[in-house]
Amino acid sequence: MSTPGRSPAHTSAIAAALASVVLGLVVVAATFMQWVDLASVGLAPLNPNGFGVHDGRYAETLGTQLTLGWFTVTLGLLIIVGGLAALYGLVRRVGAAHSGFATVAGAGVGVVVMAGAVPVRPLGLTLPLGEIGATSAAADVGEPTAGLFLMLAAALTSVVLGLLGVSLTGRGAERQPARRLLAIAIVVGAVVGVVAVALVWWWLGRDAATSIHGLGPVTLGFGSGTRGQVA
C-alpha cells in the first residue's frame, strides 16, 4: 500500500529517485573496475580501468592521462545529484522534481555514449598508444570486461529512470516545460559523451605511430625492454 497522502505515482517517483542515486554510485564505482582485458595479446599487466592502467607500477610510469574515467565519474556524480534533487523535491514538495530526473537522464546518456564507445576501440580509448609502443591501427585490440558492461547497464537504467521520473512528475502545467528540459538534457548529455570520446581518442593516440598494419611486436616502454605482441 502507498503511504497515506501520497499517490502511487508519487511513491513510484520517490523510488525512481532513490534508485538513481544508487545507479550513480555504481557508475562511479565501475569506473575503477577493469574495463578491458588485454591478456589475449600478451599485455595483461596493462589491463586498464577508466583511468588507464590499474596496476600502480605501470600507472606511475604512464603518468596522469586524459581518460574517459574523469568524465564518467563526473557524470556519475551528476546522476547522484540529480537523484537527490528529485528526491528532495518529492519529499519536501518544493521545487520541480522533474528537473532532477532530467539531469539523471542527460548524465546517463553521456555515460552510455562513452561506455558504448570503448568496445569499439578498447585499447585506443583506455591507454596512451604511443607510450606503450602501439600504433594507431592497434586501437581496436582488447576485450571489454564485466566492469564496463556494469557501467553501461547502470547508465542505461538511469536514463530509463530519468524518463520515468519526468513522466511521473512533469504533469499538468509543468508537462511541456518538463519535456523540453528533458530533451535539452538528453541532447547535452549526448554531445558531452561524443566530445569526451573524441577528445580522449585524440589525447591517447596523439603520440602513436600511424601504420596500416599497426600490429606486431611493440616495446611496452617501461624501461625493461619487455616486448609484447599487440595482435
Qualifying residue in region 138-158 (condition: at pLDDT below 90 and part of a helix (DSSP H, G or I)): yes
Counted residues, region 78-99 - those being within 20 Å of ILE184 (Cβ to Cβ) and either modelled with pLDDT under 95 or out of contact with any Leu (no Cβ under 8 Å at 6 or more places or on another chain) (or both): 11
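Take the residues of region 117-140 that are among the β-branched types (Val, Ile, Thr) and touching a Pro at 6+ places or on another chain (Cβ under 8 Å): which is farthest from LEU68 (Cα to Cα)?
VAL118
Would you confirm, using the coordinates I've provided, whether VAL120 is over 12 Å from the mean Cα position of the chain (by Cα), at negative phi, among the β-branched types (Val, Ile, Thr) and assigned to a loop (DSSP other than H, G, I, E, B)?
yes
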Single residue of region 188-207 satisfying the filter (over 14 Å from the mean Cα position of the chain (by Cα) and touching a residue at least 60 places away in the same chain (Cβ under 8 Å)) that is surrounded by the most Cβ atoms within 10 Å (Cβ to Cβ): LEU204
Of residues in region 29-58 being charged (D, E, K, R) and modelled with pLDDT under 80, the one nearest to the chain's Cα centre (by Cα): ASP55
Given (1) under 14 Å from THR67 (Cβ atoms); (2) assigned to a loop (DSSP other than H, G, I, E, B), number of the condition MET114 does not satisfy: (2)
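The values are calculated or read from the model by the stated rules, or taken from the named source; none is laboratory data. Because the structure is predicted, anything quoted here is derived from the model rather than measured. Backbone-built Cβ (ideal geometry, glycine too); neighbour counts: all protein chains shown.
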